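Report on the following structure.
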Amino acid sequence: MIACDINEEWLSVAQKYWAQAGVSHKIDLRVCPAVQTLNSLLDDGQAETFDFIFVDADKQNYDQYYELSLKLLKPGGLMAIDNTLLFGSVVNVALLPEELKAILSESDIEMVKQLNLKIKKDIRVDISMLQVADGITLIRKNDL
Ligand SMILES: C[S@@+](CC[C@H](N)C(=O)[O-])C[C@H]1O[C@@H](n2cnc3c(N)ncnc32)[C@H](O)[C@@H]1O
């Protein structure tokens, strides 16, 4: 498994639990902006080799994560994108909880909203939007 992140503080929490679970040796951690990591995987010839990709990072890059992940997934592979409802704010900005206003901008919300609209019409994929927690969209890459 390849894990992407840029924040050493959060990573130290993750690494503690990977060690406790005895899975550290299975995780290839790339401490680098994820767009760079995904592009470098493609440059290394790893297109269409991934079974599953989970996207849960900065919202401004969500469209790039979607496009690059689609290239990396095998046909029939699955992507899960977290926070696709943003507590309803993708439909009505006023629904964003007060405590999230410090970490999510209106342009973050717009980015997720536009990606939701794009994925809905995208013939490259089949989707199912799970209305659990903050919204998770499951995306299966079609074998076109
Ligand atoms: C909401 S947290 C999710 C972490 C993890 N997926 C989880 O469920 O515990 C978002 C993470 O995205 C990371 N992040 C933000 N911008 C990033 C970027 N450009 N490249 C890679 N990771 C990024 C943050 O450091 C943070 O750890």
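For the chain, what % of the accessible area comes from carbon and sulfur atoms, probe 1.4 Å?
56
Extension gain Gln46-Lys101, at 0.36 nm per residue separation less the Cα-Cα distance, in nm?
That works out to 16.1 nm of additional length.
For the chain, what does the alpha-carbon gyration tensor say about shape, rounded, prolate or oblate, given a ≥ b ≥ c as the root eigenvalues, a/c under 1.5 as rounded, and a/b over b/c as prolate?
Note, shape of the chain comes out oblate.
With springs only between Cα atoms under 10 Å, which of Ala102, Ala94, Ala47 fluctuates most in a Gaussian network model of the chain?
Fluctuation is largest for Ala102.
Let me cross-check Cys32: its accessible surface, 1.4 Å probe, with only protein heavy atoms counted, in Å² to the nearest 10?
Only protein atoms counted, so the area is about 40 Å².
Of the residues Leu38, Leu85, Leu100, which exhibits the maximal mean-square fluctuation in a Gaussian network model of the chain defined by a 10 Å Cα contact cut-off?
Leu100
With a ≥ b ≥ c taken as the square roots of the eigenvalues of the C-alpha gyration tensor of segment 56-128, please select rounded if a/c is under 1.5 and otherwise prolate if a/b is larger than b/c or oblate if it is not?
prolate
For segment 98-112, take each phi angle, set θ = phi - 60°, evaluate the Karplus expression 6.51 cos²θ - 1.76 cosθ + 1.60, and give the result in whole Hz per residue in order, putting x for glycine and proline.
For segment 98-112, the Karplus curve yields 3, 5, 9, 5, 6, 10, 10, 8, 5, 6, 5, 4, 4, 4, 5 Hz.
For segment 58-144, what relative contact order do you get, as a whole percent, if you take Cα pairs closer than 8 Å and at least 6 residues apart?
41
Send over a whole-number figure in Å² for the accessible area per residue of the chain, probe 1.4 Å.
60
Magnitude of the Cβ-charge dipole of segment 49-141, K/R +1 and D/E -1, about the Cα centre, nearest 20 debye?
Dipole size: approximately 540 debye.
The values are calculated or read from the model by the stated rules, or taken from the named source; none is laboratory data. Predicted, not measured: the structure shown is a model, and the values here were computed from it. So basically every Cβ, Gly included, is an ideal-geometry build from the backbone, and we count neighbours across all protein chains shown. Accessible surface areas use protein heavy atoms only, side chains included; no ligands, DNA or RNA. Shrake-Rupley method; radii C 1.70, N 1.55, O 1.52, S 1.80 Å.
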